[in-house]
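S.K.: Take a look at this one; I'll ask things after.
The values are calculated or read from the model by the stated rules, or taken from the named source; none is laboratory data. Quantities reported herein were computed from a predicted structural model and do not represent experimental measurements. Reconstructed Cβ throughout: ideal geometry from the backbone, glycine too, with neighbour counts over all protein chains shown.
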Amino acid sequence: MSALNTAPQGEEAPLLEVIDLTKRFGGRRRPSRAGDEGVKAVDGVSFTVRRGETVGLVGESGSGKSTTGYCILRLLDASSGTIRFDGEDITHLAGKGLRELRRRMQVIFQDPLASHNPRMSVGDIIAEPMVVHRVGTAASRAAEARRLLDLVGLPSSAMDRRPHEFSGGQCQRISIARALTLKPSLLICDEPVSALDVSVQAQVLNLLKDLQDELGLAYLFIAHDLAVVRSISDRIVVMQAGRIVESGPATEVYDSPQHEYTRRLLAAAPVADPVVMRQRRVERRAAAVATR
């Protein structure tokens, strides 16, 4: 189902609208025959994110979910389709307009250590967006960096240390602090806990929930782990091979998935109960026999 989830009459317009988004890699700009159009990483994707909402974008590796996120962030140019943010068409935004957009839309990357400059102190990493956008003075930027460190649960003594001195979970907290520096409305979280231990994943997810409640943030939460997405998302969008195959409220998608691909993703997700895992293996064998 790749229909756009538009807001009913009387409801507030979505913060983010993605309409028939397509992204091709390679090929000719104007293909003359079949095969010249390149690879469609994203193929006609449509969904919305409302203010203060978390939408989970899930799918296996190569399904196009991260490419979708990078197109929304304008780190990649869409091949076709429309992206609207806060009512404004940003699909072809450039120059000063794009620079202003960066302040309202930020990203948390998958690898918390690789996303930081190892030569910079934590204080400078967090303050860097303010420097780039010429916000405040050196003193006010340092004060804001300390405040954000406290907000994400790190001591102010971290200001003068380097990223390699911290654990993966702590580095991701630094990434979150940096993403909040310019007070954005939307955070695009690209597999933000997949590189972390399970116990640390829970801590970071709880932090994101608390920040959302406190700051009114909207999240587009990209992941392949459905258990992670279920714990944080209001709605789920499932992608397969560049297309949306199912979407809806998180409880509905998990409790009664309508598409076979969604059912396979759920069946592949590990659970702590060995009885459930054995039952899943029996069901998969039965399904494989039935299709022969």
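S.K.: Would you mind stating whether residue 134 is over 26 Å from residue 18 (Cα atoms), out of contact with any helix residue (DSSP H, G or I) (no Cβ under 7 Å at 6 or more places or on another chain) and not small (Gly, Ala, Ser)?
M.R.: Yes: the conditions hold for residue 134.
S.K.: When only residues in the range 14-40 that are aliphatic (A, V, I, L, M) and modelled with pLDDT of 90 or more count, which is farthest from residue 241 (Cα to Cα)?
M.R.: If we take residues in the range 14-40 being aliphatic (A, V, I, L, M) and modelled with pLDDT of 90 or more, then 15 is farthest from residue 241 (Cα to Cα).
S.K.: Which pairs turn up if I take residues in the range 130-144 that are not assigned by TED's automatic domain parsing to the domain that holds residue 156 and look for partners that are aromatic (Phe, Trp, Tyr) with beta carbon separation below 6 Å, at least 6 apart in sequence or on another chain?
M.R.: Note: no pairs meet the criteria.
S.K.: Select from the range 122-137 the residues that are small (Gly, Ala, Ser) and outside any loop (DSSP other than H, G, I, E, B) and list them in ascending order.
M.R.: The first filter runs over the range 122-137 and keeps only residues small (Gly, Ala, Ser), leaving 123, 127, 136.
Once the filter is applied, which keeps residues that are small (Gly, Ala, Ser) and outside any loop (DSSP other than H, G, I, E, B), the range 122-137 yields 123, 127.
S.K.: Something else now. Filter the range 45-69 down to residues that are modelled with pLDDT under 95 and either over 15 Å from residue 224 (Cα atoms) or out of contact with any strand residue (DSSP E or B) (no Cβ under 9 Å at 6 or more places or on another chain) (or both), then give me how many there are.
M.R.: 1
S.K.: Here's a follow-up. Would you say residue 85 is aromatic (Phe, Trp, Tyr) and over 27 Å from residue 17 (Cα atoms)?
M.R.: Spelling it out, it is not the case that residue 85 is aromatic (Phe, Trp, Tyr) and over 27 Å from residue 17 (Cα atoms).
S.K.: Looking only at the range 79-87, decide whether some residue is part of a helix (DSSP H, G or I) and either under 30 Å from residue 26 (Cα atoms) or not assigned by TED's automatic domain parsing to the domain that holds residue 192 (or both). Please lay out each step first, then the result.
M.R.: Taking the range 79-87 first, the residues part of a helix (DSSP H, G or I) are none.
Within the range 79-87 (the criterion being part of a helix (DSSP H, G or I) and either under 30 Å from residue 26 (Cα atoms) or not assigned by TED's automatic domain parsing to the domain that holds residue 192 (or both)), the answer is no, since none of the residues qualifies.
S.K.: While we're here: So, in the range 155-204, exactly how many residues are within 20 Å of the chain's Cα centre (by Cα) and not in a helix (DSSP H, G or I)?
M.R.: Residues that pass the stated criteria total 17.
S.K.: Now for a separate question. Please find, within the range 226-274, the residue that is modelled with the highest pLDDT out of those that are polar (S, T, N, Q) and part of a loop (DSSP other than H, G, I, E, B).
M.R.: 233
S.K.: Do you know which residues across the range 232-252 are buried (at least 17 other Cβ atoms within 10 Å of the Cβ) and under 24 Å from residue 111 (Cα atoms)?
M.R.: Once the filter is applied, which keeps residues that are buried (at least 17 other Cβ atoms within 10 Å of the Cβ) and under 24 Å from residue 111 (Cα atoms), the range 232-252 yields 232, 233, 236, 237, 238, 239, 240, 242.
S.K.: Something else about it: Kindly list the number of the only condition in (1) modelled with pLDDT of 95 or more; (2) closer than 30 Å to residue 197 by Cβ that fails for residue 116.
M.R.: Just one mismatch for residue 116, condition (1).
S.K.: Let me ask something else about it. I'd like to verify a number: residues in the range 88-105 that are within 21 Å of residue 215 (Cβ to Cβ) and assigned to a helix (DSSP H, G or I), how many?
M.R.: The first filter runs over the range 88-105 and keeps only residues within 21 Å of residue 215 (Cβ to Cβ), leaving 100-105.
Filter again for assigned to a helix (DSSP H, G or I), leaving 100-104.
Number satisfying all stated conditions: 5.
S.K.: Which of the numbered conditions does residue 116 fail, given that it passes all the others? Conditions: (1) surrounded by 19 or more Cβ atoms within 10 Å (Cβ to Cβ); (2) part of a helix (DSSP H, G or I); (3) of a type outside the set (Gly, Ala, Ser).
M.R.: Failing condition for residue 116: (2).
S.K.: For the range 55-73, which positions are of a type in the set (S, T, N, Q) and assigned to a helix (DSSP H, G or I)?
M.R.: Scanning the range 55-73 gives 66, 67, 68.
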